[in-house]
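Below is one structure, written out as structure tokens; the observations come after it.
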Amino acid sequence: MFYYPGRLSGDSFVFCIEVFDEEQIDKATKQIHELLGRSYIFDSHEVVLQCRIGYSVYPDHDTEAENLLQKSHLALFHAVNKKIDTVVYSSGMETQGRHLLTVETELRKALSNKEFVLHFQPQLNLLTNRLEGVEALVRWQHPEKGLLYPGAFLDDIESLNLNSQLDEYVLEESCSKIAHWIKIYQRKITVAVNITAVEFQDPLLVSRIQTLLFKHDIPAKCLELEITESVVMTDIKTGMNTIVQLQNMGIKVSIDDFGTGYSSLAYLRDLPIDKIKIDRSFIQYVSKNDSDVTIVKAMIKLSHGLGKRVLAEGVEDAGQLELLRSIGCDAVQGFFIAKPLTEEKLAKYLKRR
Ligand code: C2E
Ligand code: MG
Ligand code: MG
């Protein structure tokens, strides 16, 4: 087999390989991974490299060099996004690629033009009957399409690896709002921010948050982070470290959508989490379905036993609220209490209460 190597740009390289059957393609890609994956010593540190491969085949996919290169690029794009080692080009990748290409420009513009806005959903403390805090929920005020909800753009954000940028944007905006509310209402309102796995595993997250608290001159107790079970499980050691550091700073961490992920009891026991948020799917029929009551009761008992508070998500009617109150749930959030509110509507809500 002959390898004709070249460098396309930055960390992007190309190999032109002559093969005679499928098996040889498989062998070639494996060999590239194996060669690159060998660790070496640099400056007395062990360095391990990794790569993703996207490829296309002449003449099956195209007969023009330029087009073959473009198709390999599309396959590589797919490999990087989906975190797959090797991906072969297939038709359909163009449509997805084109979509992401347009959306990437739009999303980057949205971040720099501050087209993302936050809505705030109140969380009610059932013991005191007072506001426990609000959850920041992002929306995209699209210049042509109007107000878009997370379901319409979070997948693209993830595919384009823009998770951290969005999370940092939301953190910055939330801290700025907290400072603003302290100034105009003399009220320290806690804001819970949803954090994705990539951002949570970033070793710079803690110092970034410290800088934000300092910059906006706000107390740490006004910021809460919501992570899902899978976020902690991605890398349990880093996750644990980060939570401990955040807790030492006075920032609370809660587990979002509890019950829908791994739900490992060991991590519940070991992690210094303050609150678990029971997913809406368990609350939906809780006042009508006996098995759901049993599950929710058990979740509350378990969490309390481990010294953690419990918030029920997606409370939509009085029946659910009363039942949750009667089984010792600490806090609730949902349309029955209030929908996610714009900043103006939140101000009115706060005045009414
Ligand atoms: P989540 O963190 O579990 O947020 C709760 C979602 O449930 C919100 O949807 C909220 O509007 C909705 N909800 C609240 N109460 C009720 C209810 O009583 N009934 C029903 N049917 N729904 C209710 P939203 O705003 O569309 O957000 C969906 C998901 O998008 C969030 O789930 C969160 O995972 C993600 N997300 C939202 N904002 C952000 C953000 O700023 N950053 C990141 N990384 N993710 C976000
Ligand atoms: Mg959440
Ligand atoms: Mg949730």
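General observations
- Euclidean distance between Cα centres, the range 101-171 to the range 34-71, Å: 35 Å
- On Cα atoms only, tilt of 343-352 relative to the major axis of the chain in degrees: 20 degrees
- Each Lys and Arg adds +1 at its Cβ and each Asp and Glu adds -1 at its Cβ; summed about the Cα centre, the range 1-81 shows a dipole of about 260 debye.
- Working note: 222 nm ellipticity from helices only, DSSP H runs with n ≥ 4, each -39,500 (n - 2.57), summed and divided by the residues of the chain, gives -15000 deg cm²/dmol to the nearest 500.
- Computed over protein heavy atoms with a 1.4 Å probe, the accessible surface of the range 62-195 works out to 51 Å² per residue.
- For the range 50-205, share of DSSP beta bridges that run antiparallel, in % to the nearest 5: 65 percent
- Most mobile of I32, I276, I300 in a GNM of the chain (Cα contacts under 10 Å): I32
- Nearest-0.05 FRET efficiency for F335 and I295, computed from C-beta distance (R0 25 Å): 0.70
- Principal-axis tilt of helix 236-249 within the chain, Cα atoms, nearest 10 degrees: 40 degrees
- Helix axis angle, 163-185 relative to the chain longest principal axis, alpha carbon, degrees: 30 degrees
- The Cα trace of the chain gives Rg and Dmax of 24.5, 76 Å, the first to one decimal, the second as a whole number.
- Shown for the chain: the carbon plus sulfur share of the solvent-accessible area, taken with all protein chains present and a 1.4 angstrom probe, equals 54%.
- Only beta bridges with both residues in the chain are counted; by DSSP, about 50 percent of them are antiparallel.
- With 0.36 nm allotted per residue and the present C-alpha distance subtracted, the A152-E322 stretch has 57.8 nm of extension available.
- Taking every DSSP bridge with both residues inside the range 1-106, close to 75 percent are antiparallel.
The values are calculated or read from the model by the stated rules, or taken from the named source; none is laboratory data. These numbers come from a predicted model, not from an experiment. So basically every Cβ, Gly included, is an ideal-geometry build from the backbone, and we count neighbours across all protein chains shown. SASA here: full protein model, heavy atoms, side chains in, ligands and nucleic acids out. Shrake-Rupley method; radii C 1.70, N 1.55, O 1.52, S 1.80 Å.
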